[in-house]
1. Conditions: (1) surrounded by 19 or more Cβ atoms within 10 Å (Cβ to Cβ); (2) at pLDDT below 95. SER221 meets all but one. Number of the miss?
2. Take region 306-329 and flag every residue that is open to solvent by 100 Å² or more (accessible area, probe 1.4 Å) and in a helix (DSSP H, G or I).
3. Mind checking whether some residue in region 230-248 is open to solvent by less than 30 Å² (accessible area, probe 1.4 Å), of a type in the set (Ser, Thr, Tyr) and either outside any loop (DSSP other than H, G, I, E, B) or at pLDDT below 95 (or both)?
4. Where the second residue is in a loop (DSSP other than H, G, I, E, B) and open to solvent by less than 60 Å² (accessible area, probe 1.4 Å) and the first is within 18 Å of ILE275 (Cβ to Cβ) and lies in region 248-262, which pairs have Cβ atoms under 6 Å and are six or more apart or on separate chains?
5. Please give the helices (runs of 4 or more DSSP H) falling wholly within region 72-175 in which 1 or more residues are surrounded by fewer than 16 Cβ atoms within 10 Å (Cβ to Cβ), within 12 Å of the ligand (Cβ to nearest atom) and over 14 Å from the mean Cα position of the chain (by Cα).
6. Give all pairs with beta carbons closer than 8 Å in which a residue from region 275-293 that is of a type in the set (Gly, Ala, Ser) meets a residue that is outside any loop (DSSP other than H, G, I, E, B) and more than 12 Å from the ligand (Cβ to nearest atom); count only pairs at least 6 apart in sequence or on separate chains.
7. Report every pair of residues separated by at least 6 positions or lying on different chains whose Cβ atoms are under 9 Å apart, first residue within region 189-215 and within 10 Å of the ligand (Cβ to nearest atom), second open to solvent by 70 Å² or more (accessible area, probe 1.4 Å) and assigned to a loop (DSSP other than H, G, I, E, B).
8. In region 54-71, how many residues are assigned to a helix (DSSP H, G or I) and either of a type in the set (Asp, Glu) or within 17 Å of ASP297 (Cα to Cα) (or both)?
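The values are calculated or read from the model by the stated rules, or taken from the named source; none is laboratory data. Computed from a predicted model, the values in this text were never measured in an experiment. Neighbour counts are summed over all protein chains in view; Cβ atoms, including those assigned to glycine, are modelled from backbone coordinates with ideal geometry. For accessibility, only protein heavy atoms count, side chains too; no ligands or nucleic acids. Shrake-Rupley method; radii C 1.70, N 1.55, O 1.52, S 1.80 Å.
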Amino acid sequence: MYSQGLIGADGATEETPEFLARFQARIDAEEKIEPNDAMPEGYRRTLVRQIGQHAHSEIVGMLPEGNWITRAPSLKRKAALLAKVQDEGGHGLYLYAAAETLGVSREQMTEELLSGKAKYSSIFNYPTLSWADIGVIGWLVDGAAIMNQIPLCRCSYGPYARAMIRICKEESFHQRQGYEIVMTLARGTPAQKEMAQDALNRWWWPSLMMFGPSDADSQHSDQSMRWKIKRFTNDELRQKFIDATVPQAEFLGLSVPDPELRWNEAKGGYDHGPIDWDEFWRVVKGGGQMNVDRIRDRKKAWDEGAWVREAALAHAEKRAARKAALAAE
Ligand code: BYC
């Protein structure tokens, strides 16, 4: 799948220990790996998998929030939400473009998403039931995304790292707009505060699951850390997120729905209750509340956009032919 020639400029293949050692030495020296560089097939496959899943998450992530654009409570809120959802579409495009530099086409990636072979973030399989969900998604989901993605700006693969810089800047704005929505509700009427609390209750645990399985169960972390694709483990990032977010909830006067949450002075962070990993894997494997709807909606959009892709291709071919004819004159 997605194979391309991987013979190094000096003729060494990725299979030789010398090639792998030289590649690792470049990684250890913090050199960026660029599209035309020779790279081990495993490195390329890991990036295609992670960047592809990340791109799909951005695109599928437009759906739960898009659901609220027409129902946002004011023109200001509508404009901000519309801009946020458009940003997410843009993030998906930068990421698909970054993955394309590894020899995989956007069509291939989309087919893998629609066939259920490629994953997207579990978080987008939960429904957005109230306006407060939009605030809590910005605060928690974009907050978790930032925590995970800031280290990706230092990823060893150049195109992914560079795409992440712009994405993180936009995610920071998303997080702030979400927090501001929740703050407005938390300081509003008792019913509004209750709505904010209910949204926090429903999104807290799924947000913690965004960081992936615990380190003991993460299949890819060790190798991805060695290749400096990932800079922190799943549990390390989850802990950082909890430590940053609990004081924000306290400031809002909302309670985090975890009776076992306690500050642990010795470790300098919060201890938390057990995560329901059965729920996580059920959702990842397609059994979440919204999995079927999300893929159905993506498939509809892909099918209905076929004529645009065909027209753009026909236009590009016609232009290329005209240019060639002019050059031949
Ligand atoms: N959902 O070995 P592991 C956003 C899969 S935010 C579904 O630890 P890895 C946004 C994992 O893919 C979200 N699947 O894997 C925010 C693997 O399966 P495969 C997107 C998950 O890759 C707001 C298996 O479980 N962010 O975009 O080392 C608005 C074992 O896991 C999840 C990114 O994608 C999950 N939560 O670490 C709009 C960030 N967690 O591939 C949009 C980039 C794990 O073997 N990605 N799995 O079939 C990453 O940082 C890493 O891929 C992860 C997982 C930390 C997510």
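1. SER221 satisfies all of (1) surrounded by 19 or more Cβ atoms within 10 Å (Cβ to Cβ); (2) at pLDDT below 95 except (2).
2. TRP307, GLU310, LEU313, HIS315, GLU317, LYS318, ARG319, ARG322, LYS323, LEU326 - these are the residues of region 306-329 that are open to solvent by 100 Å² or more (accessible area, probe 1.4 Å) and in a helix (DSSP H, G or I).
3. Within region 230-248, one or more residues are open to solvent by less than 30 Å² (accessible area, probe 1.4 Å), of a type in the set (Ser, Thr, Tyr) and either outside any loop (DSSP other than H, G, I, E, B) or at pLDDT below 95 (or both).
4. Final answer for the pair search is ALA249/VAL256; ASP258/GLY273; GLU260/GLY273.
5. Where helices (runs of 4 or more DSSP H) fall fully within region 72-175 and carry at least 1 residues being surrounded by fewer than 16 Cβ atoms within 10 Å (Cβ to Cβ), within 12 Å of the ligand (Cβ to nearest atom) and over 14 Å from the mean Cα position of the chain (by Cα), they are 75-100.
6. GLY286/VAL292
7. MET209/ASP276; GLY212/HIS220; PRO213/GLN219
8. Result for region 54-71: 12.
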